[in-house]
Amino acid sequence: MTDIAIRCAAVTKHFGCIKAVDRANLALPEGRILALLGPSGCGKTTMLRLVAGFEVPDAGVVEINGRLVAGNGCFVSPEKRRVGVVFQDCALFPHLDVLDNVAYGLAKSGDQGSRVTAILNLVGLKGLESRMPHELSGGQQQRVALARALVPHPDVVLLDEPFSNLDAALRVRLRSEVRRILKAAGATAIFVTHDQEEALSLADEVALMLRGQIMQVAEPEELYHRPSSKEVAAFVGEADFLPGEVSDGQVSCELGRFQSRTAASGEVDVMFRPENTQPILHPDGPCEVVLREFFGHDQLVTVRLPSGDRIRARVGPEADFAPGDRVRVRVRGDVTVFPAPSRASSSGLDSELAVLAEETFGAADACSSRTAAAGANTANVACVSSGRRETC
Ligand SMILES: Nc1ncnc2c1ncn2[C@@H]1O[C@H](COP(=O)(O)OP(=O)(O)OP(=O)(O)O)[C@@H](O)[C@H]1O
Ligand SMILES: [Mg+2]
């Protein structure tokens, strides 16, 4: 059986009346990379600081490699936890060159030099040993910070949004490099991000955090295709929901009859991801294109169904759609459904989702969600944008 490197059980942390972390549970096996994903202010940094030992939990326990480090009257200080930390701002020593920045904190020993050299090779900084931090690019500085965290052979590495101040292209390149580096070092890591693409592409497992609580921990595919709730679905990727009904093992809704990935019965909300829906131009099509957003690599087309509900479809960059076009909508693959025990009360959740979207994307982006939520009494649909852009 794989050993658990980081275990948090019912960890709670308040700052005055703010419950920053609320009964959080985690169990991360050795050698795995976990992305801690959630909107701004949901408690990600606090969670990381609790594991690192920079905060003391009010309740719950933290264990690292089977050793109790916080809780039950015990508290092990950060320097004794064998944890490497990489912060968003790198925090390199400006008066030390690359070599000394990386060697800092590593006890002087016969093999210190060879260990530093090996790590600098691993992170691709060979030849830059004598550069000062201000002579490095942002990405190089991030790699120095990573090398410094890895050099003492930590049991776990904690990274708090380490790429957030880099441009988009460098960020994408560096995140796959960081994955390679962490895997080559055999490190167990928690990686904080509010970017769902980053979380899904970099991690072995993703923990979704909302309002201080860890809502679901799962492998990326599982989290994306089988989110535990509409709220999770709305944060991890883009999701639209239509009312439906399950009978004879199949779900029926305005877009047709489908196989469900998840077990349910009776009234449900059916989730559609934009990449699984496809508008097809047809002069007598029952649906109408109301919006087209062009992103370069693809486009997002919003379609109004006969009921008035809206659904988004992701299409290739060449596809030719314009507002007013009549279309049919085709759905690819199976769907995910969520129980909708009472349609009357679902508007409460829809407005919560609208608030979540507004908190996350700002009022303008949340507008469509709010419109959909407001229409929930009649149209019964929550159309929640969680965006492909960086989310906070
Ligand atoms: N030292 C502190 N004193 C008081 N409140 C704090 C402190 N640290 C964090 N908080 C509050 O706890 C909550 C969680 O903050 P935290 O920094 O963990 O969020 P986060 O998910 O990392 O957000 P972001 O994505 O913006 O970095 C927030 O409401 C924040 O204002
Ligand atoms: Mg933070």
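Taking amide H atoms as placed 1.01 Å from N in the peptide plane, the amide H of Leu291 lies under 5 Å from those of Thr302, each 5 or more residues away in sequence or on another chain.
What is the local net charge at Phe87, summed over the other residues whose Cβ is closer than 12 Å to its Cβ (Lys, Arg +1; Asp, Glu -1)?
Values: positive: Arg49, Arg148; negative: Asp89, Asp160, Glu161.
Charge balance near Phe87 sits at -1.
If you take all other residues with their beta carbon under 15 Å from the beta carbon of Ser260, and give Lys and Arg +1 and Asp and Glu -1, the sum is +1. The chymotrypsin sites (Phe, Trp or Tyr not before Pro) found in the stretch 59-125 that occupy coil by DSSP, while having at most 14 further C-beta atoms within 10 Å, are Tyr104. Centre-to-centre separation between the Cα atoms of the stretch 293-318 and those of the stretch 55-73: 48 Å. Across the stretch 73-85, coupling constants 3J(HN,Hα) worked out from phi with the 6.51/-1.76/1.60 Karplus curve, θ = phi - 60°, read x, 10, 8, 9, 5, x, 5, 9, 9, 6, 10, x, 10 Hz, and Gly and Pro carry x.
Comparing Gln216, Leu68, Leu125 along the charge dipole axis of the stretch 4-221, the residue lying farthest to the positive side is Leu68, per the Cβ-charge model.
Taking other C-beta atoms within 10 Å as the exposure proxy, Leu281, Leu106 rank Leu281, Leu106 from fewest upward.
Can you tell me the dipole magnitude for the stretch 110-195 around its Cα centre, using point charges on the Cβ only (Lys, Arg +1; Asp, Glu -1), in Debye to the nearest 20?
Numbers: 11 positive and 9 negative charges, 57 e Å.
Charge dipole, the stretch 110-195, about its Cα centre: 280 debye, nearest 20.
Approximating the spin labels as points 7 Å out from Cα along Cα→Cβ, the Glu30-to-Lys183 distance works out to 2.0 nm.
Show which lysines lie in cross-link reach of Lys126 when reach means a straight Cα distance below 22 angstrom and same-chain residues fewer than eight apart are skipped. Within the straight-line limit of under 22 Å, Lys126 reaches these lysines: Lys108, Lys183.
For Leu96 and Ala118, a Förster radius of 22 Å and the Cβ-Cβ distance give a FRET efficiency of 0.70, rounded to the nearest 0.05.
Put a dot 7 Å past the Cα of Leu128, heading toward its Cβ, do the same for Ser164, and the two dots end up 2.2 nm apart. Is the stretch 28-146 best put as rounded, prolate or oblate by its Cα gyration tensor, with a ≥ b ≥ c the root eigenvalues, rounded for a/c under 1.5, and otherwise prolate when a/b is larger than b/c, oblate when not? Cα axes put the stretch 28-146 in the prolate bin. Per-residue Karplus couplings for the stretch 50-59, computed as 6.51 cos²θ - 1.76 cosθ + 1.60 with θ equal to phi - 60°, are listed in order as 5, 5, 6, x, 8, 10, 9, x, 6, 8 Hz, Gly and Pro entered as x.
Inter-label distance, Cys17 to Arg328: 5.8 nm, where each label sits 7 Å from its Cα along the C-beta direction.
What is the local net charge at Ala24, summed over the other residues whose Cβ is closer than 13 Å to its Cβ (Lys, Arg +1; Asp, Glu -1)? List each step's numbers first, then the result.
Numbers: positive: Arg7, Lys13, Lys19, Arg23, Lys44, Arg49, Arg211; negative: Asp22, Glu55, Asp58.
So the surrounding residues net to +4.
Listed by chain and number, the lysines whose C-alpha is less than 20 Å from the C-alpha of Lys13, apart from same-chain residues fewer than 8 away, are Lys44. Close amide-amide hydrogen proximity is noted between Val86 and Leu158, Leu159, Asp160, each under 5 Å apart and 5 or more residues distant or on a separate chain (H modeled in the peptide plane; Pro and chain starts excluded).
All of the numbers you see were taken from the coordinates with simple rules; none came from a lab. Being a predicted model, the structure only gives us computed values, none of them experimental. We place every Cβ from the backbone using ideal geometry, glycine too, and count neighbours over all the protein chains shown.
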